[in-house]
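Remarks on the structure that follows.
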Amino acid sequence: MKRADYLPPKYRTSSTIKPASVASLLMLFAFFAARAQAAVTVETLALQRADQHTMPARVYSPAGTRCERLALLSPGAGGDVEELAYLADGLARSGWLALVMGHEESGPAALKQRIKQAGLKAGLLALTTDADAYRYRLMDIDTALAWASQHCGQAPPDRVLIGHSMGAATTMMEAGAINAMGISGKNRMQAYVALSPQGPGSIFPENAWAQINAPVLSLTGTRDDALEGGWQSRTLPYANMQAGCKWLGVIDGATHMHFAGRGFSGKTERLTLSSVLAFLQARQADGRCSNMPSAQGMQSQFK
């Protein structure tokens with residue numbers, strides 16, 4: 001595969017696509033062997049938001065009392081606290097306090113109601129373009145950060161927001177992406193991870209991501225079609241972002257729900273988790289990061 005061939009000509013960059021290497025595969029094997037030895041405590045909480053509504057949360061705590069690193073995970077439309085368990089567990093085994101947010105205003109019941117009213121595709125589009133749903137999601141982030149500060153005795157200094165699908169849109173908004181709903185994020189994280197991000201369309205206009213300065217990892221798959229466009233549209237946020245610790249991974253054969261941990265998702269889960277952990281480790285104090293490592297079954301690009 002030649003460099004950036006999966007990007008439309010308008011969005012191709014000078015970064016290179018790298019094949020898998022034996023060294024990277026050995027590192028991946030060693031990582032999972034070590035990770036299996038770590039202990040994780042899992043608990044489900046009901047956290048009170050500022051508006052007095054309750055936000056369900058599932059917390060994955062690493063062994064010991066480490067609070068230096070916090071990962072907040074935002075599921076997609078119709079998702080709940082059981083989503084993204086493979087990522088939360090893997091992060092906790094690597095020393096991160098991981099919290100999966102249950103966004104009730106865009107969770108299972110909300111999506112079911114939208115589908116009942118308008119059908120599957122139109123219902124999904126209606127929910128994922130609802131400005132109030134995103135306002136509640138940002139309020140959920142406020143709630144999760146407040147809980148972490150209280151739980152840890154202070155705000156964890158290293159924070160990452162990871163989102164899938166509608167959660168990826170939430171992640172990009174928090175990072176500073178311009179959007180059609182007029183939602184303004186606060187950019188409170190040291191890094192962002194977008195799984196199945198949306199390209200230009202009903203949520204984001206053209207060039208919505210140009211002002212994002214923080215490190216961002218974007219992941220999609222060759223079967224990860226969007227509501228508005230093919231899977232290639234999910235690479236466009238990366239192409240629009242300025243250089244500086246920006247990574248893009250495209251997993252061969254990965255579907256939209258594989259990133260959520262559903263279906264025959266083992267390969268996608270492994271590559272997603274290893275990519276996320278490598279990205280979080282690669283960041284440097286000056287805002288740069290090392291090159292994205294290669295892995296069999298995934299095309300990678302960085303800038």
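The values are calculated or read from the model by the stated rules, or taken from the named source; none is laboratory data. Small disclaimer: the values here were computed from a predicted structure and weren't measured. Here Cβ is always computed from backbone atoms with ideal geometry, including for glycine, and neighbour counts include all displayed protein chains. Note: accessible area is taken over every heavy atom of the protein model, side chains too, but ligands, DNA and RNA are not part of it. Shrake-Rupley method; radii C 1.70, N 1.55, O 1.52, S 1.80 Å.
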Search the structure for amide H atoms under 5 Å from the amide H of Gly221, placed 1.01 Å from N in the peptide plane, and list their residues when 5 or more places away or on another chain. Ile251
Among Trp231, His258, Ala71 the positive-end extreme of the charge dipole of the chain (Cβ point charges): Trp231
Charge sum, other residues only, whose C-beta stays under 12 Å from Tyr136's C-beta, Lys/Arg counted +1 and Asp/Glu -1: -4
Quarter of Cα convex hull surface for the stretch 98-154, i.e. mean projection, nm²: 4.2
Write down the Kirkwood hydrodynamic radius of the stretch 236-303, to one decimal in angstroms, obtained as one divided by the mean of 1/r over all alpha carbon pairs. 12.8
For the chain, dividing by residue count, accessible area per residue (probe 1.4 Å) in Å² works out to 42
Need one value: the accessible area of Glu43 in square angstrom, 1.4 angstrom probe, rounded to the nearest 10. 80
Calculate how large, on average over all directions, the projected area of the Cα convex hull of the chain is; give the answer in nm² to one decimal. 14.7
With a Förster radius of 35 Å, plug the Cβ-Cβ distance of Arg135 and Gln296 into 1/(1 + (r/R0)^6) and report the FRET value to the nearest 0.05. 0.25
Report the extension gain between Ala50 and Ala63 in nm, rounded to one decimal, defined as 0.36 nm multiplied by the number of residues separating them, less their alpha carbon distance. 1.7 nm
Looking only at Leu97, Leu87, Leu273, which one moves most when the chain is put into a Gaussian network model with springs between Cα atoms under 10 Å? Leu273
Between Ala226 and residues 5 or more places away or on another chain, the pairs with built amide H atoms under 5 Å apart involve Trp231
Expressed in angstrom and rounded, the centroid-to-centroid distance over alpha carbons for the stretch 178-212 and the stretch 248-303 is 19
Quick check: pseudo-label points 7 Å beyond the Cα along Cα→Cβ at Ser149 and Lys112, how many nm apart are they? 3.6
I'd like the carbon and sulfur percentage of the solvent accessible area for the chain, probe radius 1.4 Å, heavy atoms only, ligands and nucleic acids excluded. 53
Bin all alpha-carbon pair distances of the stretch 103-195 at 5 Å intervals from 0 and give each bin's fraction as a whole percent. 3, 13, 22, 22, 18, 11, 6, 3, 1, 0
